[in-house]
Every structure is written in C-alpha cells, then in structure tokens.
1. Decide, for the stretch 37-97, between rounded, prolate and oblate: order the square roots of the alpha carbon gyration tensor eigenvalues as a ≥ b ≥ c, take rounded if a/c falls under 1.5, and otherwise choose prolate if a/b is larger than b/c, else oblate.
2. Can you tell me the order of 53-61, 263-271, 411-419 when each peptide is scored by its average per-residue count of other Cβ atoms within 10 angstrom, highest first?
3. For the stretch 274-288, in order, what is each residue's ³J(HN,Hα) by Karplus, 6.51 cos²θ - 1.76 cosθ + 1.60 with θ = phi - 60°, in whole Hz (x at glycine and Pro)?
4. With axes computed from alpha carbons, what is the tilt in degrees of helix 13-22 against the longest principal axis of the chain, rounded to the nearest 10 within 0 to 90?
5. How much length is gained on full extension from GLU126 to VAL25, taking 0.36 nm per residue of separation minus their Cα-Cα distance?
6. Long-range amide H contacts for GLY339: which residues qualify at under 5 Å (H placed 1.01 Å from N, peptide plane, sequence gap of 5 or more or a different chain)?
7. Simple spin-label model, 7 Å along Cα-to-Cβ: THR502 to THR407 in nm?
8. Rounded to the nearest 0.05, what FRET efficiency do GLU108 and ASN285 have when you use their Cβ-Cβ distance and R0 = 56 Å?
Amino acid sequence: MLLLIIAPAHAAEPSRSLYTEHCAVCHGDGFEGAAQGVALVGRELVGGDSIDAIGASIANGNPAKGMPAWADALDDQAIKALALLIAEHRTALSVDHLMAQYISDGREWTLPSGPVATQSHTVTIELVAEGLGGQGAAYPKPYSIAVRPDGSILVTETTPGMRIVSPAGRISDYVTGTPRTDLDVPDLIEAGDAKRGAGWILDVALHPEFAENRWLYLHYTERCSACGSVDASEQNPLTSRNVLVRGRIRDGHWVDEEKIWQAPTYDASTWGDAVTGGRIAFDDNGYVFITAGMRSMDGIQDLGTAYGKTHRLHDDGRIPADNPFVGVPGALSTIWTYGHRAPQGLAYDPETGNAWNTEHGPRGGDELNRLLPGRNYGWPLFSAGLNYDGTEVAWGRAESEIELEDTERPAKAWAPSIAVSNLVVYEGAAFPAWQGDLLIGSLKASDLIRVEVENGRIAREELLLENLARIRDIDVDERGWIYLLLEHQTGGRIVRLKPEPTGG
C-alpha cells in the first residue's frame, strides 16, 4: 500500500511521542484508560469520534471530569495530530500497524455466509476465481480487471502480465507479447519485505466500442535503462515511466500494439511504480483519461512534467484542441488536471459529464476529487491530511505564490486514511437504486463504499461491505453485476455481487 512506500511505520513516532508525553498518563499507553482517565478505544466518546470532535475535546477539555483544556499548551497542528492518532487506533487504521497489514493480512479470508442486506438491495456474493498473483507474495500482484461482453475477465498482475478468466472461473496462461515486466531485475527500493521494482503492468480497459473494434488499452510502467534524470549504473540499474498502449488479443497473444501516450524521457525515475497510478477511463465522446501519480515531491506543480497529473487524449493518441493547457508555453498539452499525489482510481460519469478520481494522501488525506479541466488539486502544497509525523503538509509552499483558495479541494477526504482504491460509476439494471452512484473500494479498510452525488457534490454515503478483503479494482458487467478484485496473502480472488434471487 502506498503509505508504506512513502513512509515506514516508524514515521508515526513524533505523533506517538506527543501522546506519550501529554496523554498516556491519564489514558494509558495503549489508549486503554487509566485511573485518571477513560479509555479512548473500544467505547463511545461522549464528545464524538470524528477528527474535529476529538480535536475539540482535546482543545477544550472537560474540567468537570478533571481533563484540562490543551488549547493554550498545544497549537492547532499538534491537537489535530493527536486527534488523528486516536481516531486511527479507534478504527484499527493505525499507521503503527501498517507494515504488518501491508505485507501479510493475517485475517482468514471467507465469503459472507449469506446474502448481505444494504439500504436498498440485498446482495449475494459469490466467488468467481482464486489463485491470482500467487500465494504468500510480499506484494499482492493482481491490479486490474475488465469484464468482456462474453463474460470472460481480463486480469492484470503487476509483474507477470495479463491473464484471462473464463466465465466458468478457469484461469488461462499469461497472454504472450504484452509489455515486458521481468521478475529477475533487482528491486531499486524496498520497504520491509514489500519489494518493488521498475516496470509494472497496471490498468486494463476495454474501448467503449470493444465489441466492434476489439481494442484493449494497457497502462504500464516501461523500464528504461538510460533515461530520466539519473543515468543507469550498477547502483541504479533501471528507471521507469508511464506508458499507455492499445492492442488486441488473438489466440492468447497480444498483437496490433499501438502507443497512445508516454511520459517524456526526462520524467523517468527510480521511484516505485505503486505511486504512478496508471488508471484508464473513457468518456462518451471519444476521449481517454489517464492518471500519472507523483514520481517525487518535485515537478507536481510543474506543467512541464507528466507526473502528479491526469491527462486527456483522443482514443488514438491525438491531443484534443480544447485541452486546458494547449498552447501554454512549457506545458504538456495532454494535461487535464494537476497537483495530484498518488491517484488510485479513475471513472467517468456519462450522465453528468464529470470525471472522478480517488487518490492516496498522507495520514488522514485520502481523497475523492471531481476533475475539472485545468484545476490544481494542491499537492504537495496543501492536503486534507498531515505528514506522517503529524506536521502540516506544506512542501514548497514557502516558495510558491499559490494559495489554498487557488486549489480545488476534495469532494471528500477520509480521516483516518482507508487506502482508497479504484472506483466506478454504477450503470446497470441489477441494482437500480444505485444508478449513477460511485462505488469505491479500499485496501487498508477492506470496505466497499457507495457514494451518492448531487450537483457534483457528495450527498450521502453507505458502507456496503465491511472487512471483506483488500479491494484493488471494481468493474461492472452488461447485466449490472459488480466484480471486485481482492488481494490477500493466500492469493488474489475475483468475487461478484448480484441481486439475491426472488421468488420460489
């Protein structure tokens, strides 16, 4: 999960030290309570359990219960850091536990024993396929799914490549001829045992007219041995950059490949491929959107770099004349939006014309964004979350003339972070009450969330599935059945959600 890649678990220690110094004597080292104070986990909090509510309780205290007000002793940033730390532990989404969960999800994986009731529909969940990505892998390899009209499912695995799951759940051999992703190249960066290298297969998507033209689009990170800001060497053997291609599958082979887009050579770097996003979404006017996450803290606000951006192209790679930065000196004319950290999801709503993305933030900063052309989404100058040590996100702000009001704020921010993953705009007959809603997956929280949108704003939310497994991707077939790509230490799985049968 991205949080691990950017900061190891010990990065939370400053916030924890703040708690130990000021709070533990009354509330216990493990938040379990002590003689002078109540437990902060495993019970309801009188003042509320949101970040703002916990922060207000810390700032204002409760003199009647002997709790002092900390507003004069601690600044707003320290109080927010403490509130976030407490909220993380209350929801089992603590950064302290990140390493263990990322490498090995110790929970036994099981399907729900029966139908699941939601606010509007009762859902049956069934297993489609298992054994994807291998068992016991330090980094779960399945990344993307795309359901074809015949009911078969394309599955990408980050390093081996792409396979096809039949409607009956049989898993094919790997499709030959896809972009090269070797397993024998030394990893450039490691976080614990979660190995990452340069060169991943990422998203796969069907062209909207796939039934007629058979085009498939693949987003991947291309290994590059002598490009970017650092030349290849024995210590630094490879860099990589994002590339979008399209092709077809014929008799188990990837053929007819055409390059649609690639990041400039100077943008290649050794940063881990998990931060590169790599999602694909089509609108209904012949355009394709793609995401490219940050490759460092530099360049995200620079319109001359590809990273920290979403891009918009014609489906054959031509640059649309109405893109917001066409003709702007020094800007890449493919850019649609900028100021993104680590986009993990991308979807287009044909009913409203809105494009949406989800992206990993730092602590408490996962985001859902409506992507408006030419807008700046703030990273790394501003964030709804905090740095991992509890300090304010303000990378480069002192040298920048950009103010908070110059940036587009998230439609929603998750605090604590849930490690948000991909999303879809639901269109289908199977669950009519969800028509036009956003269905959003999560990794760390292992939840499926439904979000209702009205006039471009979040109106209501519902937790559809809780603690299922790490949900990496979501797709919907022509019947409106919902497919989830799940990660687990025992191997990746695909499950599908369909309406509970009615009648006798």
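Bear in mind these aren't lab numbers, they're just calculated from the coordinates by the rules spelled out. Here the structure is a predicted model, which is why all the values come from computation and not from measurement. Every residue, glycine as well, gets a Cβ built from its backbone with ideal geometry; the counts of neighbours run over all protein chains shown.
1. Oblate, because a/c is 1.5 or more while a/b does not exceed b/c.
2. So the peptides 53-61, 263-271, 411-419, ranked by packing, come out 411-419, 263-271, 53-61.
3. 5, 8, 8, x, x, 8, 9, 8, 9, 9, 9, 10, x, 10, 10
4. Relative to the chain, helix 13-22 is tipped by roughly 20 degrees.
5. 31.5 nm
6. Counting only residues 5 or more places away or on other chains, the set is TYR377.
7. 4.7
8. With a Förster radius of 56 Å, E is 0.75.
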